[in-house]
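Before any comments, here is the structure.
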Amino acid sequence: MRKAKEIKAVIMAGGKGTRLRPYTFILPKPLMPVGDQPVIAMLLKWLRRWNIKEAIITTGYLGYMISAVCKDGSQWDIDIRYSTEPDPLGTIGALLMVEDQLDDTFIVINSDLITDLNLGAFIDFHNRHDGLVTVATTQKPVKID
């Protein structure tokens, strides 16, 4: 498996998960279980498989629970730092809060994502095209709320 060059990941985990209510009244969406692990654990394992060694998790709603589970990231061999939004800021607002920690290419990813994306190929594509931003998308043949 080809590894991505060492870059940071910004994991967006500040939302309230309103579509999953009432479950998200007590548990933030990134901590929703998939099998025997929270979805954010699956995401962190996926990032680490692609040689991502640093992550900044932007939190808001019930963020203390996310940091209590993920801690410093050592259980996944990834260095995790946190940025807490005082109020919901959206993607750009959360990124502006960590702007001083982003000095090179980085990825931004939602904390509830489950993917098999080849991150090495994605980063290679981004680097070859010399663009400011590259977005990965996929089509869903069935609408899933």
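The values are calculated or read from the model by the stated rules, or taken from the named source; none is laboratory data. Since this is a predicted model, take the numbers as computed values, not measurements. Here the Cβ is made from the backbone with ideal geometry for all residues, glycine too, and neighbour counts use every protein chain on show. Side chains included, ligands, DNA and RNA excluded: accessible areas come from the protein's heavy atoms. Shrake-Rupley method; radii C 1.70, N 1.55, O 1.52, S 1.80 Å.
I'd like to verify a number: residues in segment 113-135 that are in contact with a helix residue (DSSP H, G or I) (Cβ under 7 Å, 6 or more places away or on another chain) and open to solvent by 60 Å² or more (accessible area, probe 1.4 Å), how many?
So the count comes out to 2.
Can you run down the residue pairs with Cβ atoms below 8 Å, 6 or more apart or on separate chains, where the first is in segment 68-91 and farther than 13 Å from L43 by Cα and free of Cβ contacts under 8 Å to residues at least 24 places away in the same chain and the partner is outside any loop (DSSP other than H, G, I, E, B) and open to solvent by 60 Å² or more (accessible area, probe 1.4 Å)?
Sorted first by the residue in segment 68-91, then by its partner, the pairs are D72/D79.
Is it the case that segment 19-40 has a residue that's in contact (Cβ under 8 Å) with a residue 40 or more places away in the chain and within 21 Å of L96 (Cα to Cα)?
no
Say we look at segment 7-53 and pick out the residues that are closer than 20 Å to D87 by Cβ and among the basic types (K, R); which of these is surrounded by the fewest Cβ atoms within 10 Å (Cβ to Cβ)?
R21
Of the residues M12, M32, which single one is out of contact with any His (no Cβ under 7 Å at 6 or more places or on another chain) and more than 14 Å from V108 (Cβ to Cβ)?
M32 is the lone residue from the list that is out of contact with any His (no Cβ under 7 Å at 6 or more places or on another chain) and more than 14 Å from V108 (Cβ to Cβ).
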